[in-house]
Amino acid sequence: MAGRITFTIIKPGAVQNEHIGPILGKIAEAGFHIAGMKMVQLSRNEAQNFYCIHEDKPFFGELVEFMVSGPIVVALLEKDNAVEDFRKLIGSTDPKKAEPGTIRHMFAQSIQANAVHGSDSDENAIKESEYFFAGYEKFYKDKGGCLQGSMQ
Ligand code: IDP
Ligand code: MG
């Protein structure tokens, strides 16, 4: 069964253009519970680690520079079928190909500055959220009680 969490980043361009509120509105409207959220500034090393899967791509250097160009908002999202539903909500990597109504169609500036990140698998959703959130920063809707950060 598909997992109940995904991880997102509101990227620097979208933060600078005051799109945090509207993007969070779309996420809430789509039925996601925000189980963790904070604003952070990545170091170059942190951005390289986060995107290490793309380190051999020609755009890697520019992507890292973009990701450190300003603060970002990282969030842990909870919903049934979270990864797939969130990828649908954000649309294609290239905003020119994203469907109208998707977050990237509405808020992206370019293929690089494409407003948001969304995990591509349940496994990566867990890895990525663990990279940014400690157990005490996770507040799952469907897991009350102690040590709720240990869901998964
Ligand atoms: P995704 O974010 O839709 O999963 P990935 O292929 O995992 O897309 O790429 C990670 C990020 O790298 C993209 O969100 C985008 O910011 C950037 N990126 C991907 N392809 C290109 C490109 O061809 N040129 C510049 N940046 C790119
Ligand atoms: Mg990806």
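The values are calculated or read from the model by the stated rules, or taken from the named source; none is laboratory data. Computed from a predicted structure; not experimentally measured. Glycine gets a Cβ as well: all are built from the backbone with ideal geometry, and neighbour counts include every protein chain shown.
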For His105, indicate whether it is within 16 Å of ligand 2 (Cβ to nearest atom), modelled with pLDDT of 95 or more and under 18 Å from Ala28 (Cα atoms). no
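Restricting attention to segment 10-30, does a residue exist that is at pLDDT 95 or above, part of a loop (DSSP other than H, G, I, E, B) and of a type in the set (Asp, Glu)?
yes
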State yes or no: is Glu46 over 17 Å from Phe133 (Cα atoms) and modelled with pLDDT of 95 or more? no
Against the condition surrounded by fewer than 16 Cβ atoms within 10 Å (Cβ to Cβ) and within 21 Å of Ala2 (Cβ to Cβ), how does Ser121 come out, does it pass? yes
Counting only residues in segment 31-47 that are under 16 Å from the mean Cα position of the chain (by Cα) and in a helix (DSSP H, G or I), the one nearest to ligand 1 (Cβ to nearest atom) is identified as Ala47
Quick one: in segment 93-139, which of the residues that are hydroxyl-bearing (Ser, Thr, Tyr) and within 14 Å of the chain's Cα centre (by Cα) is nearest to ligand 1 (Cβ to nearest atom)? Thr93
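What about Glu65, is it free of Cβ contacts under 8 Å to residues at least 24 places away in the same chain, of a type outside the set (A, V, I, L, M, F, W, C), under 26 Å from Phe139 (Cβ atoms) and surrounded by fewer than 17 Cβ atoms within 10 Å (Cβ to Cβ)?
Details: free of Cβ contacts under 8 Å to residues at least 24 places away in the same chain: yes; of a type outside the set (A, V, I, L, M, F, W, C): yes; under 26 Å from Phe139 (Cβ atoms): no; surrounded by fewer than 17 Cβ atoms within 10 Å (Cβ to Cβ): yes.
No; evaluated as a whole, the condition is false for this residue.
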Check off (1) more than 15 Å from the chain's Cα centre (by Cα); (2) away from ligand 2 (no atom under 16 Å from the Cβ); (3) β-branched (Val, Ile, Thr) for Val64 and give me the number that stays unchecked. (2)
Taking segment 72-92 and keeping only residues that are surrounded by fewer than 16 Cβ atoms within 10 Å (Cβ to Cβ) and either more than 21 Å from Gly3 (Cα to Cα) or over 16 Å from the mean Cα position of the chain (by Cα) (or both), one is left with Asp80
Within segment 95-144, which residues are on the phi > 0 side of the Ramachandran plot and without any contact (Cβ under 8 Å) to a residue 40 or more places away in the chain? Gly101
